[in-house]
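J.: Supplied in C-alpha cells, the structure appears directly below.
The values are calculated or read from the model by the stated rules, or taken from the named source; none is laboratory data. As the structure is a prediction and not an experimental result, all values here were calculated from the model. Neighbour counts are summed over all protein chains in view; Cβ atoms, including those assigned to glycine, are modelled from backbone coordinates with ideal geometry.
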Amino acid sequence: MFFSVLGSGSQGNSIYIESGATSILVDAGFPGKEIASRLQLIGRCIEDLDAIFVTHEHHDHIHGVGVLSRRCQIPVYSNYKTIKAGEKLLGKLLKYSEFETGGKIEIQELQIRSFAISHDAADPVGFCINNGETMIACCTDTGKVSRLVQQRLTGCNALILEFNHDLQMLKEGPYSPALQQRVRSDHGHLSNKDAADFLQTLVHDQLHYVVLAHLSATNNHPDLAMTAARGVIESETKTKLKLLVAAQNVPLELVCVEK
C-alpha cells in the first residue's frame, strides 16, 4: 500500500491511500484545484480516484469534497449525521453512499472500517484501511482516545495520528481562555503528550510509519511534536519505526507500506 498526507492542519486536511489500481482520499479539505495539484506533486492523478471518505463535517475536512465529486465524478462515503451537518457546504454530490459508524465498506482492493472518535462534530470518525495484508489507520481531530480507538489501531502498519498542540504553548499563546478550553477538552484535540502516551501503547514490530498530523501552527512546533514522539519509542529497540511530520502547505512524499 502507498499513502501520502497531502496536507494537515487547520487550513485543510486530506490523505491519499492507494493499493494496486484502487485509490481513495480520506477528507478533501482543500479546494479541488489544490488537491489536484498536490496529487500531481506525488505523481498521482485526481481522475484515478475511486472514492472520498469523510471523517467529519468541519470546513477544513470537506471544503473540496463537493466540487471533486461533481467535476471528477467521485463517489463520497460518509455517515448520515456528517453528511446532514455538512450538506450546505458540500452541495450536490455525484453519488453519496452512507455507512454506519463502526461498519466496513469494500472498495475494490480496499476494506475501509470506520470507528468513533471524540470531537465537536456531529458523528466524527477515524478510519482503518486494509488491503488484506497491510493496514493504514487515520486518527485525527479527537480530544481523547477510548478503548475502542486503541482496539482499532492495534496492529496497524502505518498510523496517521494527531499531535495538535504543546500544552505550554497553548497556555501562553494568543487563544482566549474559552478557546483554550475547547482545544484541551475531550471533544477538542490531542496534545503532544497525550498523543505520545497513546502511541507508546501501539508500538509493535510491524508498525513501520507514524505520521504526526494536524499540528497547530499557533500552539505547536514540529520539533516539539517529534521530541514527544521520539521520547516514547526510543526504548522500543526492536522496532524500525519511522516518524514523519505532516505539513500544512506541502504533501508528504509517497510512502510505501509493507507488512
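J.: Got a sec? Which helices (runs of 4 or more DSSP H) wholly within the range 163-209 have at least 3 residues that are within 30 Å of F2 (Cα to Cα)?
T.: The qualifying helices (runs of 4 or more DSSP H) are 192-202.
J.: While we're on this one: More than 25 Å from S118 (Cα to Cα) and surrounded by 19 or more Cβ atoms within 10 Å (Cβ to Cβ): which single residue out of V257, V250, V211 fits that description?
T.: V257
J.: Can you tell me which condition T227 does not meet? The list is (1) touching a residue at least 60 places away in the same chain (Cβ under 8 Å); (2) within 24 Å of Q248 (Cβ to Cβ); (3) loosely packed, with under 14 Cβ neighbours inside 10 Å, and all the others hold.
T.: All conditions are met except number (1).
J.: Which of the residues that make up the range 143-156 are part of a loop (DSSP other than H, G, I, E, B), touching a strand residue (DSSP E or B) at 6+ places or on another chain (Cβ under 8 Å) and over 23 Å from P222 (Cβ atoms)?
T.: Passing the criteria: S146, G155.
J.: To continue, here is another question. Looking only at the range 1-15, which residues are surrounded by fewer than 24 Cβ atoms within 10 Å (Cβ to Cβ), under 16 Å from V211 (Cα atoms) and hydroxyl-bearing (S, T, Y)?
T.: Answer for the range 1-15, where residues must be surrounded by fewer than 24 Cβ atoms within 10 Å (Cβ to Cβ), under 16 Å from V211 (Cα atoms) and hydroxyl-bearing (S, T, Y): just S4.
J.: I'd like the full set of residues that are closer than 25 Å to L161 by Cβ, part of a helix (DSSP H, G or I) and in contact with a Leu (Cβ under 6 Å, 6 or more places away or on another chain), limited to the range 8-61.
T.: Correct list: R38 only.
J.: So, in the range 132-163, how many residues would count as being crowded, with 19+ Cβ neighbours inside 10 Å, touching an Asp or Glu at 6+ places or on another chain (Cβ under 6 Å) and not β-branched (V, I, T)?
T.: 1
J.: Within the range 114-122, is even one residue crowded, with 23+ Cβ neighbours inside 10 Å, among the hydroxyl-bearing types (S, T, Y) and either part of a loop (DSSP other than H, G, I, E, B) or at pLDDT 95 or above (or both)?
T.: yes
J.: Exactly one condition in (1) out of contact with any His (no Cβ under 8 Å at 6 or more places or on another chain); (2) part of a loop (DSSP other than H, G, I, E, B); (3) of a type in the set (S, T, Y) is false for S216; which is it?
T.: Failed condition: (1).
J.: Still on this structure, I have one more. Going through D60, D50 one at a time, which residue ends up being surrounded by fewer than 22 Cβ atoms within 10 Å (Cβ to Cβ) and under 25 Å from E106 (Cα atoms)?
T.: D50
J.: Also: Go through the range 234-250 and give me each residue that's within 14 Å of L212 (Cα to Cα) and either aliphatic (A, V, I, L, M) or modelled with pLDDT under 75 (or both).
T.: Hits for the range 234-250 are L241, L243, L244, V245, A246, A247.
J.: Restricting the search to the range 74-92, which residues are in a loop (DSSP other than H, G, I, E, B), out of contact with any Asp or Glu (no Cβ under 9 Å at 6 or more places or on another chain) and not small (G, A, S)?
T.: Answer for the range 74-92, where residues must be in a loop (DSSP other than H, G, I, E, B), out of contact with any Asp or Glu (no Cβ under 9 Å at 6 or more places or on another chain) and not small (G, A, S): just K92.
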